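Read the structure below first, then the notes.
The values are calculated or read from the model by the stated rules, or taken from the named source; none is laboratory data. All values derive from a computational prediction rather than experimental measurement. All Cβ positions, glycine included, derive from the backbone under ideal geometry; neighbour counts span all protein chains shown. What goes into the accessible areas is simple: the full protein's heavy atoms, side chains included, and nothing from ligands, DNA or RNA. Shrake-Rupley method; radii C 1.70, N 1.55, O 1.52, S 1.80 Å.
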2 protein chains.
Amino acid sequence: MPDFAQSIQAALSERFGERLAVDPALPGLEELSRLAARRVCRRYLPREVEASLLRLLCACALSAPSKSDLQQGDILIIRDKAKRQSIGALLPDMPWLPEAPVFLVFLANGRRLPLIAQMRGKPFPNDHLDLFFNATVDAAIVLATFLRAAEAVGLGCCPISMIRDHARVIADMLALPDKVVPIAGLCVGWPAEPSGITARLPLGLTLHEERFDEGDLGQQIESYDRRRDARRPYRNQRQPERFGRAEFYGWSEDKARQYASPQRADFGAFVRAQGFKLG
Amino acid sequence: MPDFAQSIQAALSERFGERLAVDPALPGLEELSRLAARRVCRRYLPREVEASLLRLLCACALSAPSKSDLQQGDILIIRDKAKRQSIGALLPDMPWLPEAPVFLVFLANGRRLPLIAQMRGKPFPNDHLDLFFNATVDAAIVLATFLRAAEAVGLGCCPISMIRDHARVIADMLALPDKVVPIAGLCVGWPAEPSGITARLPLGLTLHEERFDEGDLGQQIESYDRRRDARRPYRNQRQPERFGRAEFYGWSEDKARQYASPQRADFGAFVRAQGFKLG
């Protein structure tokens, strides 16, 4: 039997730059080891994902908790090759997208609840930010839970949030009705090649006790940039013609450059056009 | 060794009213069986959750994927009894809240990214809906992943989205700065009493193939109401003084009544006051 406690410790140390205590007598260590060593998968074997298996995994994902039991997260399965290629053509920087045999789209469904109110002859004075928010959170929880189910059986996945860069085209292609919007896509397939573990911000920034306290943000970002770079430096710098060549190019420089241009500035307009009010 | 394939099938049949195929030769069936039989836990043993264990589970949760690697979901741990009681006092219908030894709050953190832009001397033309949205989805994914980690080691959890009914008080109590908002809370403890499996909408409504298709919504809701009622009828009807006594009181009637009154109509104002723009 593999030493799960040790592999968890190794993965989390690589992830957070911190040696965490792991009690080897804990139950569930195998599952924790998958969580700790979680990695994206962008290369897939030319092997189908059986429809019955996919349905099983979706059912497991849809067993996740849901805000007030409202069940506002849906899954849309795309297997059709032409459709996957059309989506892939929108995102040419992600050549692995159409190569995955299955592409899922996770949907925030704020449509059912007002329809149910109507069906039961009740008023619905809740057409405001909360409706959109609850459906979004539900869909994200379904996505995260699907990931766990898929990885448990050995599948590899790659989330594609950039489908929202083309939200209108995607919504039309998938016939999304009013008050249904895509949260993210997910490539699913049998892994051909494992990716590496992505280093994460130190827990000093993302884990707070009793009250919000990020400590010295600048210093922690700096040391994260360095830790990450030591393991896996960026191969390319974004927009050198605009920003020049950085001598040291870390995560924070990369993210600052990425978001120095408008990203999905029309997403609010799309969400409103889909019938959500964000007041 | 327990027959996981059989227990998964039984749980999902109870959940969705459908017999799903489960290949007994699949790896990861133990994990799938936990997902399939997932249930909320509202009664806890008077036993601490060790700080080191909690830190380990949070690290596993924070290993989840994050939109563009931006890492905008944070966790805030509350152990302090007085603080848990103050939060519990806001939600007197949830007496189990202060009884859980640990209360977590999952935070959408849209603060770091603009600070990083500033730190790196870059413009940040992305102060619109996308910032709030990405941070919200990240935080929800961290929450769902934490749940998997906690249940793997035998802990029980109960999500509390209703903390957002008191978002301003909670934000002040936890010293949340600008552009940080709570997504949901989570009670965590060692389970004293298992709850039942909650029935879910049929997959015909929540799982779509190739395009959005909910089929006959009315008929499927109706049959879900009946299936759910046969297993666990509602004990109380909401607001009978306003809506009368329904002869048959199912899920859709309950949800229609719940949302016939404004819920968190001030949430948008709160999010804006925290500095997010939703344009």
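Worth a mention:
- Cβ-vector label at 7 Å, A:Gly218, separations to other copies in nm: 6.4
- Descending Cα extents along the principal axes, chain B, whole Å: 59, 52, 47
- Measuring between their Cα centroids, region B:56-81 and region B:207-279 lie 29 Å from each other.
- Applying the Karplus relation 6.51 cos²θ - 1.76 cosθ + 1.60 with θ = phi - 60° to region B:200-215 yields 3J(HN,Hα) values of 10, 3, x, 4, x, 9, 10, 10, 10, 10, 6, 8, 5, 7, 9, x Hz, where x marks Gly and Pro.
- For region A:167-175, putting each phi into the Karplus relation 6.51 cos²θ - 1.76 cosθ + 1.60 with θ = phi - 60° gives couplings of 4, 5, 4, 4, 4, 5, 4, 9, 6 Hz, in residue order, rounded to whole numbers and with x for Gly and Pro.
- Members of A:Lys179/B:Lys179; A:Lys255/B:Lys67; A:Lys67/A:Lys255 lying beyond 20 Å, as alpha-carbon distances in this model show: A:Lys179/B:Lys179; A:Lys67/A:Lys255
- Taken residue by residue and averaged, Cβ atoms of other chains lying within 10 Å of the Cβ of A:104-113 number 3.
- Computed over chain A with a Gaussian network model linking Cα atoms closer than 10 Å, the most mobile of A:Glu222, A:Glu210, A:Glu48 is A:Glu210.
- Summed over both chains, the contact between B and A buries some 11000 Å² of accessible surface at a probe radius of 1.4 Å.
- 3J(HN,Hα) from dihedral phi, region B:153-163, Karplus parametrisation 6.51/-1.76/1.60, rounded to Hz, x for glycine, proline: 8, x, 6, x, 9, 9, x, 10, 6, 5, 4
- Sulfur and carbon atoms: percent of accessible area, chain A [1.4 Å]: 50 percent
- Remark: mean inter-chain Cβ contacts per residue of A:146-157 equal 4, using a 10 Å Cβ-Cβ cutoff to other protein chain atoms.
- Net charge of neighbours whose Cβ lies under 15 Å from the Cβ of A:Phe243, counting Lys and Arg as +1 and Asp and Glu as -1: +3
- Within the listed set A:Leu53, A:Leu91, A:Leu131, the residue fluctuating most in the Gaussian network model of chain A (springs between alpha-carbon atoms under 10 angstrom) is A:Leu53.
- Mean residue ellipticity (222 nm) of the protein assembly as shown, computed from DSSP H runs ≥ 4 via -39,500 (n - 2.57), nearest 500: -12500 deg cm²/dmol
- Taking B:Leu176, B:Leu147, B:Leu107 in turn, the Gaussian network model of chain B (Cα-Cα springs below 10 Å) assigns the largest fluctuation to B:Leu176.
- B:Gly189 long-range amide H proximity, modeled H, under 5 Å: B:Gly156
- Between region A:4-24 and region A:168-188, the alpha-carbon centres lie 38 Å apart.
- Other copies of A:Ala273: label-to-label distances in nm, shortest first, labels 7 Å along the beta-carbon direction: 3.3
- Think of the protein assembly as shown as having a plus end and a minus end, set by charges on the Cβ of Lys, Arg, Asp and Glu; of B:Leu205, B:Ala265, A:Leu12, B:Ala265 sits farthest toward the positive end of this dipole.
- Shape class of the protein assembly as shown from the Cα gyration tensor (axes a ≥ b ≥ c, square roots of the eigenvalues): rounded, since a/c falls below 1.5.
- Under-5 Å amide H pairs with B:Ile183, H placed in peptide plane, nonlocal only: B:Phe106, B:Leu107, B:Ala108
- Taking the label point 7 Å along Cα→Cβ, A:Arg245 and its counterparts in the other copies are spaced 8.2 nm apart, in ascending order.
- Of the DSSP H helices in chain A, those that are both long (alpha-carbon extent of 27 Å or more along the helix axis) and hydrophobic (Kyte-Doolittle mean at least 1.0) are A:129-152.
- Averaged per residue, chain B has 37 square angstrom of accessible surface, using a 1.4 angstrom probe with ligands and nucleic acids left out.
- Using only alpha-carbon positions in region A:51-195, the gyration tensor eigenvalues give semi-axes of 28, 18, 12 Å once each is multiplied by 5 and square-rooted (largest first).
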